[in-house]
Every structure is written in structure tokens, then in C-alpha cells.
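Report on the following structure.
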There are 2 protein chains.
Amino acid sequence: MQTPMILDGKALAKSVEQELQVRVQRIKDKTGRVPVLATIIVGNDPASVTYVRMKGNACNRVGIRPLKIEMPEESTTEDVIRQIQALNEDPDVHGILLQHPVPRHIDEMACFNSIDLAKDVDGVNTNTFGRMSMQMDAFKSATPLGIITLLKHYNIPLEGREAVVIGRSPILGKPVAMMLLNENATVTICHSKTKDLPEVVRRADIVVAAVGKPEFVKADWVKEGCVLVDAGYNPGNIGDIDLKNAIAKCSAYTPVPGGVGPMTISSLIRQTVESAERKFGITNG
Amino acid sequence: MQTPMILDGKALAKSVEQELQVRVQRIKDKTGRVPVLATIIVGNDPASVTYVRMKGNACNRVGIRPLKIEMPEESTTEDVIRQIQALNEDPDVHGILLQHPVPRHIDEMACFNSIDLAKDVDGVNTNTFGRMSMQMDAFKSATPLGIITLLKHYNIPLEGREAVVIGRSPILGKPVAMMLLNENATVTICHSKTKDLPEVVRRADIVVAAVGKPEFVKADWVKEGCVLVDAGYNPGNIGDIDLKNAIAKCSAYTPVPGGVGPMTISSLIRQTVESAERKFGITNG
């Protein structure tokens with residue numbers, strides 16, 4: 001057995017940040033302006049507060065100006081949509097992020113869908129998803145884009161490979177399935193109603209676990225030599241795959257933490273820079 | 001071996017039409033108006049001409065007024081979009097169909113995406129696809145909706161079943177995969193880059209063939225007892241599945257012709273009636 005390759009999202013995110021610093025500097029030199037990412041956080045969910053802080057820090061590292069908008073827990077769907085519309089119209093804002101999850105009484109999808117496609121740098125609008133699925137010009141869902149970027153960086157072949165996605169959420173399972181499909185993988189989407197999940201997972205050359213249940217995917221479900229992508233991030237830095245036992249069988253894996261997580265933030269800020277470049281008519285490269 | 005069940009799309013479409021006649025009559029009684037389906041055909045592709053005629057006939061049978069708009073072969077993308085926008089704004093039009101395929105020089109997806117979601121009764125706008133995928137209120141892609149309607153009518157269980165979709169087109173493979181997923185099937189999407197397609201198809205409880213190649217799916221690819229959905233319609237009334245030989249192995253199948261084809265038209269006119277009902281504030285049932 002070869003030692004499995006670590007798909008090091010932390011290292012890749014760092015190198016992407018260095019590239020983005022250069023691109024932000026170029027925007028600054030040409031326009032005197034910097035990209036602005038507006039981040040809306042509704043209420044005080046501690047995980048959301050942490051994520052927003054991490055994203056704000058990443059913005060600062062590359063020179064994007066984070067614009068943090070805190071809305072009270074009791075905000076209505078209409079309040080959030082009104083705030084998003086104001087940001088859509090604000091010519092100084094290049095990207096809009098509504099931190100997930102919002103309080104339960106808010107219609108998150110309706111809020112996502114009010115984000116202007118040109119500013120949907122987190123890739124959450126259903127039309128962003130639709131356009132991305134049909135390979136039209138569109139931003140991409142941040143975590144799926146992070147996963148594909150990471151796999152490509154490490155030259156993991158996708159074309160013709162059997163990819164099994166476990167989970168079908170709007171921001172992860174469904175878009176990562178579509179992106180893998182567009183990379184010419186043969187894609188199977190599994191979920192809570194799948195019969196004999198272990199048997200389905202055993203077929204996979206690439207497993208993407210996005211269920212949100214700690215160590216849900218067991219080592220004996222995975223095929224010898226497969227690639228493990230763990231998009232789970234459960235309390236205590238525990239992923240959705242029982243990596244401790246599965247690592248010995250796989251050819252490559254994303255660690256938790258330091259795998260998919262940093263790539264999500266990296267995708268978000270990269271798309272914010274892209275949005276600003278488009279706005280200012282600056283070609284990257 | 002039991003005799004396989006014929007999933008008779010022609011018969012089901014006929015009974016749906018009877019129901020739609022009643023609903024159109026109710027619209028007429030309450031408003032003095034009838035639903036209007038605008039159909040744009042660009043150029044003279046003979047298959048498109050036939051389809052548009054068949055759809056017009058179906059409209060007439062249920063009392064929908066078909067509004068046929070013929071545009072010359074040399075129309076530009078902008079010409080078509082302008083025409084669609086005029087129909088979007090026309091309060092008397094309830095549904096808009098741009099007959100596929102359009103001449104090659106036209107950006108079909110851009111045209112599709114200019115159709116107002118409220119009038120997208122053929123389900124071709126990427127945001128219609130996105131909203132449908134995320135189980136939000138939306139019309140559905142006509143052929144996939146026809147397939148799901150047919151399967152449900154014949155009580156074919158979908159939940160937990162392995163569905164294999166062969167083909168990934170924007171109007172068939174991708175949307176039918178998402179609809180099957182939302183019906184809780186475990187869905188695999190295959191395509192030209194899939195390795196060992198016969199082996200993947202052999203796993204399927206339900207096979208949806210949407211490749212556009214005559215008798216592409218062979219009898220020895222299909223599992224004993226599976227359900228065969230043939231969405232192909234090749235010259236000479238030949239489907240994408242070698243049904244002649246595969247029928248003996250399956251538990252149910254859609255014939256060609258008379259299976260998926262009539263259900264596509266049925267879905268289109270049903271959604272046109274729904275659009276008019278919404279417009280006039282009439283609740284069905």
C-alpha cells in the first residue's frame with residue numbers, strides 16, 4: 001500500500017490567496033478601489049459568527065474590504081430581502097454573502113434568490129445553480145467549487161470515474177453532483193432513502209460525503225484506492241467520514257480540518273475578486 | 001415471467017386531456033377567456049414543424065388557443081429574445097414555447113433564459129431548472145415531468161430505487177435526474193464518458209434512456225425486472241432502447257411511439273392551463 005495523498009486544502013487556499021493578493025493589488029492600481037464583499041449575518045448562531053469572522057479575516061488577508069451587516073434574530077424574510085436588494089443596487093459592493101443558516105422563520109431560499117446573479121459569489125441563487133448546471137457563465141456554489149478546485153489541483157482524474165455524492169442539499173450535494181457531472185464523472189447521488197448505502201459507496205472511485213453526521217461513512221464502505229472528500233464539519237473537528245480507519249484504504253483524502261473548509265472560503269473570496277474584475281473590466285492574467 | 005406492464009403514455013395523455021378540457025371550460029366560464037400558448041418556431045426544420053403541429057392540435061383538443069409565431073431561419077438570437085420579451089409582456093399569453101432545436105447560429109439557452117418564469121410552461125429556463133431542483137415552486141421540464149407523471153400513474157415505486165439516467169442534456173437528462181432524486185430515488189447519471197455503461201445500467205431498477213441513438217441500450221444491459229423508460233425518438237419510430245429484445249426482461253416499459261412522447265405534450269398543455277389558472281386566480285379542484 002502506498003501512503004495516501006493528503007488533499008491539503010489549507011495549503012492550496014494559502015497559495016490561492018497569494019494569487020488573489022496580486023489581483024486585488026492590480027484592481028487597486030488601475031481603479032483606486034478594492035473589491036467589497038458584503039456579509040449578512042442574521043441573529044447570533046455561534047457557528048455562523050465564527051464563519052463570518054473567518055471569511056472576514058480571509059478578505060482582509062487578500063485586500064478585499066469585508067462589509068459586515070448584522071441583522072437581529074427577529075428579522076423577517078422581507079427585511080433580509082430588502083437588505084439584499086439595497087446591496088444589489090450598491091455599485092460599491094461586488095459580492096453578497098448571506099451566512100447560512102439563517103433563523104428558521106426566515107425563508108432562506110427566497111433570500112438567496114434575491115441576490116443579483118452578478119454578485120452571487122457564494123453561488124446560492126437557484127439560477128446560479130441552473131446556469132452552472134447547464135455550463136453557462138455563472139458563479140459556482142462555494143463549497144463544491146472548492147472541492148473541484150482541490151481535486152484538480154492534485155490531478156485527481158474525474159473523467160469517467162464513478163463519483164458517489166452522499167447528501168443532496170441545495171448548497172452542497174446537488175451542486176457538487178452537477179459539477180462532477182460536468183467534469184465527465186459518472187455521478188450517483190445518495191441520501192437518507194438510499195437502500196444499501198454501503199454497497200453504493202463501495203462502487204465509488206471518488207466519495208463526497210456531505211451529510212452532516214459525524215463519522216457517518218465507515219471504513220468498510222469504501223473501495224481500496226478510492227478518493228475521499230469529506231465535506232462534513234461536525235462539532236469537535238469531526239468529519240462525515242471515519243477517516244481514522246478509512247485512510248489506510250484510500251489513495252487520497254481531504255483532512256478535517258484543513259481540507260474542504262479552507263477551500264470554501266477560498267472560492268468565496270476568489271469569486272468576489274472575479275466579480276470586481278468584471279465590474280471594472282479587468283481581465284485576469 | 002410475468003408479462004411486462006405497458007406504460008401507456010398515449011392513454012394517460014388522453015385522460016389528462018379530458019381533465020384539462022374541464023379545467024379550460026371552467027376558466028372560460030369564470031373569465032370569458034381561454035389559455036393561450038405561444039409557440040415560436042424558427043426556420044423550417046421538418047421535425048420541429050411536426051412537433052409544433054402536434055402541440056397545436058393538442059391545444060385545440062383541450063380548448064387552449066395556440067398562437068403560432070413563425071420566424072425566418074436567419075433570425076438572430078436578439079430577434080428571438082425580442083419576440084419572447086414581447087410575449088412575456090403580453091397579458092393575454094399564458095405560456096411560451098420555443099420549439100427545440102433552433103438553427104445552430106442562435107444561442108438557444110440565452111433564448112430559453114429570456115422566457116418569464118411564470119410563462120415557462122415547457123420548463124427550459126435555467127432558473128426553472130434550479131427552482132425545480134431545489135423543490136421550490138416552479139414549472140417543470142416537460143419531458144421529465146411527463147416521465148414522472150407516467151411512472152406515478154402506474155404506481156412504479158421510485159423511493160429508494162436505483163435509477164440510471166443515460167444522457168445529460170439540459171432539457172432531459174439533467175432535469176429528469178433531479179426530479180427522480182426529489183422523488184427519493186438513488187440516481188446515477190451516465191453519458192458518453194461513462195466507463196462500462198452496460199455494467200452501470202445493470203444496477204438499475206429504473207432506466208431512463210435519453211441519448212438520441214437508435215436502440216443504443218441493449219437487452220443484455222438491463223436487469224431482470226427493471227423498468228424501462230425510453231425517451232428516445234429516432235427516425236422511423238425507433239427509441240433509444242432495443243425494446244424488441246429487452247421487453248422480455250423488464251417489468252414495465254414505455255413503448256415507442258405512444259410512451260414518453262404523448263406525455264411531453266400532455267405536460268406542456270397541463271402547465272399552460274396551470275399558468276392560466278394562476279393568472280386568473282382560479283384554484284384547480
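The values are calculated or read from the model by the stated rules, or taken from the named source; none is laboratory data. The structure displayed is predicted, hence computed values, not measured ones. So basically every Cβ, Gly included, is an ideal-geometry build from the backbone, and we count neighbours across all protein chains shown. With ligands, DNA and RNA removed, areas are computed over all heavy atoms of the protein, side chains included. Shrake-Rupley method; radii C 1.70, N 1.55, O 1.52, S 1.80 Å.
For this structure, a couple of remarks:
- Of the residues making up segment A:168-185, those that are of a type in the set (S, T, N, Q) and either at the interface with chain B (Cβ under 7 Å from one of its Cβ atoms) or more than 14 Å from B:LEU181 (Cβ to Cβ) (or both) are A:ASN182, A:ASN184.
- Screening the candidates B:GLY281, B:GLY261 for the property of being small (Gly, Ala, Ser) and at positive phi yields one hit, B:GLY281.
- Restricting A:THR194, A:THR188 to those that are within 14 Å of chain B (Cβ to nearest Cβ), assigned to a strand (DSSP E or B) and over 24 Å from A:ASP8 (Cβ atoms) reduces the list to A:THR188.
- Residue match in segment B:183-196 (condition: within 26 Å of B:PRO46 (Cβ to Cβ), modelled with pLDDT of 95 or more and open to solvent by 10 Å² or more (accessible area, probe 1.4 Å)): no
- Those residues of segment A:31-65 which are more than 17 Å from A:PRO91 (Cα to Cα) and open to solvent by 70 Å² or more (accessible area, probe 1.4 Å), in sequence order: A:ASN44, A:PRO46, A:TYR51, A:ARG53, A:MET54, A:ASN57, A:ASN60, A:ARG61
- Among the residues listed as A:ASP230, A:ASP242, the single one being among the charged types (D, E, K, R), within 21 Å of A:ARG161 (Cβ to Cβ) and touching a helix residue (DSSP H, G or I) at 6+ places or on another chain (Cβ under 8 Å): A:ASP230
- Being modelled with pLDDT of 95 or more and touching a Ser or Thr at 6+ places or on another chain (Cβ under 6 Å) is a condition met by no residue of segment B:201-210.
- Qualifying position, being assigned to a helix (DSSP H, G or I) and not basic (Lys, Arg), among A:VAL34, A:VAL49: A:VAL49
- Being assigned to a loop (DSSP other than H, G, I, E, B) and open to solvent by less than 40 Å² (accessible area, probe 1.4 Å) is a description that does not apply to A:VAL176.
- Matching entry among B:GLU274, B:GLU215, B:GLU224 (being of a type in the set (D, E, K, R) and on the phi > 0 side of the Ramachandran plot): B:GLU215
- Residues that are modelled with pLDDT of 95 or more and either aromatic (Phe, Trp, Tyr) or not in a helix (DSSP H, G or I) (or both) occur in segment A:75-84; there is at least one.
- For first residues located in segment A:216-244 and closer than 20 Å to A:GLU199 by Cβ and touching a residue at least 12 places away in the same chain (Cβ under 8 Å), partners that are open to solvent by 70 Å² or more (accessible area, probe 1.4 Å) and basic (Lys, Arg) and lie 6+ apart or on another chain with Cβ distances below 7 Å form the pairs A:TRP221/A:ARG202; A:LYS223/A:ARG202; A:ASP240/A:LYS213; A:ASP242/A:LYS218.
- Top-ranked residue in segment A:141-161 [being open to solvent by 10 Å² or more (accessible area, probe 1.4 Å) and out of contact with any helix residue (DSSP H, G or I) (no Cβ under 8 Å at 6 or more places or on another chain); ranked as farthest from the other protein chains (Cβ to nearest Cβ)]: A:TYR154
- Test result for A:GLY63, at positive phi and at pLDDT 95 or above: yes
- Annotation note: of A:GLN2, A:GLN25, A:GLN85, the sole residue that is within 25 Å of B:MET134 (Cα to Cα) and surrounded by fewer than 22 Cβ atoms within 10 Å (Cβ to Cβ) is A:GLN85.
- Residues in segment A:246-285 that are out of contact with any Pro (no Cβ under 7 Å at 6 or more places or on another chain) and open to solvent by 40 Å² or more (accessible area, probe 1.4 Å): 13 in all.
- Any hit, segment A:66-74, residues being touching a residue at least 60 places away in the same chain (Cβ under 8 Å) and either open to solvent by 80 Å² or more (accessible area, probe 1.4 Å) or assigned to a helix (DSSP H, G or I) (or both): no
- Scope segment B:105-135; condition surrounded by fewer than 19 Cβ atoms within 10 Å (Cβ to Cβ), out of contact with any Lys or Arg (no Cβ under 9 Å at 6 or more places or on another chain) and more than 19 Å from B:HIS94 (Cα to Cα); matching residues: B:HIS105, B:ASP107, B:ALA110, B:GLN135
- None of A:THR50, A:THR3, A:THR77 is in contact with an Asp or Glu (Cβ under 8 Å, 6 or more places away or on another chain) and free of Cβ contacts under 8 Å to residues at least 40 places away in the same chain except A:THR77.
- When A:VAL93, A:VAL164 are screened for being surrounded by 22 or more Cβ atoms within 10 Å (Cβ to Cβ) and either assigned to a helix (DSSP H, G or I) or in the same structural domain as A:ASP196 (by TED's automatic domain parsing) (or both), only A:VAL164 passes.
- Checklist (1) closer than 18 Å to A:ASP8 by Cα; (2) out of contact with any Gly (no Cβ under 7 Å at 6 or more places or on another chain) applied to A:ASP230, failing item: (2)
- Taken as a whole, segment A:124-140 holds at least one residue that is in contact (Cβ under 8 Å) with a residue 60 or more places away in the chain and more than 10 Å from chain B (Cβ to nearest Cβ).
- Output for segment A:98-121, where each listed residue is in contact with a strand residue (DSSP E or B) (Cβ under 8 Å, 6 or more places away or on another chain) and either without any contact (Cβ under 8 Å) to a residue 24 or more places away in the chain or under 26 Å from B:VAL124 (Cβ atoms) (or both): A:GLU108, A:CYS111, A:PHE112, A:ILE115, A:ASP116, A:LYS119, A:ASP120
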